[in-house]
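Undergrad: Here's a structure for you.
The values are calculated or read from the model by the stated rules, or taken from the named source; none is laboratory data. In this text the structure is predicted, and so the values were computed from the model without any measurement. Here Cβ is always computed from backbone atoms with ideal geometry, including for glycine, and neighbour counts include all displayed protein chains. Surface accessibility is based on the protein's heavy atoms, side chains included, excluding ligands, DNA and RNA. Shrake-Rupley method; radii C 1.70, N 1.55, O 1.52, S 1.80 Å.
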Amino acid sequence: MTRLTHSARTLGALGLLGLVLPANAALTTTALVASWPRRARPTGLGPRPTLEGARRSSPSRPRTVMVSGGKMTKALALCRAFHAAGHRVVLVESARYRFTGHRFSRSVDAFHTIPDAGSPDYADALEAIARTEGVDVYVPVCSPASSVADARAKKQLEQVCEVVHLDADRLELVDDKFRFARAAAEAGLGVPDTHLVTDAQQVLDHDFSGATRPYILKSIAYDPVHRLDLTRLPFPGMESFVRSLPISEANPWILQEFVEGTEYCTHSTVRDGRLTVYCCCESSAFQVNYDHVEHPGIRAWVDTFVGEAGLTGQVSLDFIVDGHDEVLAIECNPRTHSAITLLHDHPGVAAAYLEDDPDAEVVVPTAASRPTYWTYHEAWRLLAERGRRERLRVLREGTDAIFAWDDPLPFFVTHHVQVPWLLLRSLIEGRPWLRVDFNIGKLVEAGGD
């Protein structure tokens with residue numbers, strides 16, 4: 001992408017956001033005025049309880065909960081759930097995203113910036129905030145770049161508070177796509193045929209004869225660009241493609257069987273190998289729509305795996321269900337999934353995260369829970385893509401994941417401060433971006449976080 005093209009795209013995005021600014025400002029002002037005297041029952045862009053109205057009872061032990069990943073909608077969803085249950089919420093995020101709209105949520109009692117996850121001061125900064133704010137529980141809402149850092153910081157932070165995150169050894173197991181596939185297979189669970197590759201020549205030397213399915217290459221480390229590449233192997237003249245990929249000993253990949261079927265994504269919160277929170281949705285490469293589905297085979301797979309691995313924390317498992325209804329897990333990401341936004345109207349989320357009750361039922365989206373979406377993504381699809389009837393159905397039947405009538409500032413600031421600030425920085429620094437993602441509150445960039 002040339003500098004001129006990048007500048008034109010960035011200015012175009014800023015212009016579109018500017019066009020809808022007056023309407024959003026009017027909506028936000030109306031919501032603020034309406035909710036100022038009292039917390040009326042909101043409808044959002046679909047029904048959801050107010051932050052105050054969702055509170056069924058005061059917790060037996062109110063706690064201070066620290067939530068990271070402040071730029072992401074899933075962090076806001078958890079902040080609202082903890083606040084609605086009567087807990088005090090401290091939100092943290094790196095300085096790059098200090099203008100996150102979620103810091104202005106009524107559910108957030110305090111906001112702090114922290115160093116980037118790769119900084120040697122990362123754990124010390126979290127500990128200092130935990131001590132200053134009197135934090136009882138830390139719930140990391142990780143980016144791919146911070147999940148390992150939070151696991152390494154866990155032992156240090158546990159001197160101050162409880163940490164709802166995988167231990168470092170468990171995280172390394174599930175975060176490595178090859179080790180995860182091998183562990184699942186050893187537990188008798190379905191996974192595609194998977195091979196570790198540390199050199200392009202290994203792919204070129206692989207015996208594809210007799211294979212009933214094609215294969216794809218996937219980076220073990222998170223790669224925001226190549227993660228969407230599903231080029232099927234083998235094919236004539238594939239050597240140039242394979243050698244163009246950054247495969248090395250230091251950056252291993254996997255060669256994995258490509259399974260045709262329906263993709264699903266799941267979120268699981270786990271305590272001592274027992275599910276406490278669970279969501280399952282049909283998936284896609286760029287996921288900005290969530291609607292819970294019941295699939296007993298996937299649920300059984302998840303129950304078995306988290307129990308066998310003895311996990312405590314949050315994991316996102318991705319699946320393919322083939323034409324014979326065989327459930328195959330394709331990867332596990334050790335962090336909160338955005339599907340948790342589906343629990344926007346469930347009163348039990350906070351207790352499922354904070355209380356150790358082996359007899360409690362697993363928290364899943366209720367039958368009345370409306371699917372979640374992001375309005376500006378839907379608006380763009382209405383303008384730029386086919387299938388407008390489907391987009392209108394999504395808007396009619398679902399609810400925006402950020403907007404709430406009694407908590408409108410996150411919606412306004414996300415779209416008219418947070419994202420424009422990132423676009424301006426990109427314009428000034430000449431850093432090209434691939435996509436604006438309102439869900440995770442950032443610009444998707446090559447080599448980004």
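Undergrad: In terms of the ratio Rg/(2.2 N^0.38 Å) built on C-alpha atoms, what value belongs to region 186-294? If you can, show how the numbers build up before the last one.
TA: Details: Rg = 16.5 Å, N = 109, 2.2 N^0.38 = 13.1 Å.
That works out to 1.26 for region 186-294.
Undergrad: Could you look at the chain and say what percent of its accessible area is carbon and sulfur, using a 1.4 Å probe and all protein chains? Present the calculation step by step, with values, prior to reporting the outcome.
TA: Numbers: 10360 of 19540 Å².
With neighbouring chains kept in place, the figure for the chain is 53 percent.
Undergrad: Roughly how large, in nm² to one decimal, is the mean projection of the convex hull of the alpha-carbon atoms in region 320-449? Don't skip to the answer; put the middle values down first.
TA: Details: hull surface 48.9 nm².
For region 320-449, the mean projected area of the Cα convex hull comes to 12.2 nm².
Undergrad: In addition: How far is it, in nm, from the label point at Leu392 to the one at Ser244 when both lie 7 Å from their Cα along the line to the Cβ?
TA: Computed distance between label sites Leu392 and Ser244 equals 4.1 nm.
Undergrad: Something else: Can you sort Asp150, Asp199 by solvent-accessible area, 1.4 Å probe, largest first?
TA: Values: Asp150 0, Asp199 70 Å².
Descending order: Asp199, Asp150.
Undergrad: Connecting C-alpha atoms closer than 10 Å in a GNM of the chain, tell me which of Asp207, Asp437, Asp345 has the biggest fluctuation.
TA: Among Asp207, Asp437, Asp345, the largest GNM mean-square fluctuation belongs to Asp207.
Undergrad: Still on this structure, I have one more. Taking the alpha-carbon set of region 128-211, what are its Rg and Dmax in Å?
TA: Final numbers for Rg and Dmax: 18.6, 62 Å.
Undergrad: Would you please classify the overall shape of region 95-176 from the alpha carbon gyration tensor, given that a ≥ b ≥ c denote the square roots of the eigenvalues, rounded means a/c under 1.5, and beyond that prolate means a/b larger than b/c while oblate covers the rest? Please list the in-between numbers first.
TA: Details: a/c = 1.74, a/b = 1.38, b/c = 1.26.
Since a/c reaches 1.5 and a/b is larger than b/c, the shape of region 95-176 is classed as prolate.
Undergrad: Taking R0 as 25 Å, what's the FRET efficiency between Glu158 and Thr132 from their Cβ-Cβ distance, rounded to 0.05?
TA: Numbers: r = 17 Å, r/R0 = 0.69.
My answer for the efficiency is 0.90.
Undergrad: If a helix is a whole DSSP H run, which ones in the chain reach 18 Å or further along their own axis (Cα) and hold a mean Kyte-Doolittle hydropathy of at least -0.5? Working shown, then result.
TA: Values: long enough: 3-35 (45 Å, 0.96); 296-309 (20 Å, 0.27).
Helix filter hits for the chain: 3-35, 296-309.
Undergrad: Here is a further query. Hey, any idea what the orientation-averaged projected area of the convex hull of region 378-429's Cα atoms comes to, in nm²?
TA: Details: hull surface 18.8 nm².
Mean projected area of the Cα convex hull: 4.7 nm².
Undergrad: A further question on this structure: Could you put Arg96, Arg271 in order of accessible surface area, largest first, with the 1.4 Å probe and the full protein assembly present? Write down the numbers at each step before the final one.
TA: Details: Arg96 65, Arg271 35 Å².
Listed by decreasing accessible area, they come as Arg96, Arg271.
Undergrad: Now a separate question. Once you sort the root eigenvalues of the Cα gyration tensor of region 269-309 as a ≥ b ≥ c, which label holds: rounded (a/c under 1.5), prolate (a/b larger than b/c) or oblate (the other case)?
TA: Numbers: a/c = 2.35, a/b = 1.98, b/c = 1.19.
Prolate, because a/c is 1.5 or more and a/b exceeds b/c.
Undergrad: Quick one: accessible area per residue over the chain, 1.4 Å probe, rounded to a whole number of Å²?
TA: In whole numbers, the chain has 44 Å² accessible per residue.
Undergrad: Follow-up question, since we're still on this one. Of all DSSP beta bridges in the chain, what percent run antiparallel (nearest 5)? Numbers along the way, then the final one.
TA: Details: 37 of 54 bridges.
Around 70 percent of the beta bridges assigned by DSSP in the chain are antiparallel ones.
Undergrad: Okay, next question. Grab the alpha carbons of region 233-369, take their convex hull, and tell me the volume per residue in Å³. Write out the running numbers ahead of the final one.
TA: Numbers: hull volume 19.7 nm³, N = 137.
With only Cα atoms used, region 233-369 gives 144 Å³ per residue.
Undergrad: Out of Asp318, Asp124, Asp291, any idea which swings most in a Gaussian network model of the chain, alpha carbons joined below 10 Å?
TA: Among Asp318, Asp124, Asp291, the largest GNM mean-square fluctuation belongs to Asp124.
Undergrad: For the chain, place one equal point scatterer on every Cα, skip the solvent, and apply the Debye formula. What is log10 of I(q)/I(0) at q = 0.07 Å⁻¹?
TA: Reported log10 I(q)/I(0), two decimals: -0.35.
Undergrad: Let me ask something else. Run the dipole for region 190-252 about the Cα centre, Lys and Arg Cβ at +1, Asp and Glu Cβ at -1, nothing else charged, and hand back the magnitude in debye, nearest 20. Don't skip to the end; give the middle numbers.
TA: Working: 5 positive and 8 negative charges, 53 e Å.
Computed charge dipole of region 190-252: roughly 260 debye.
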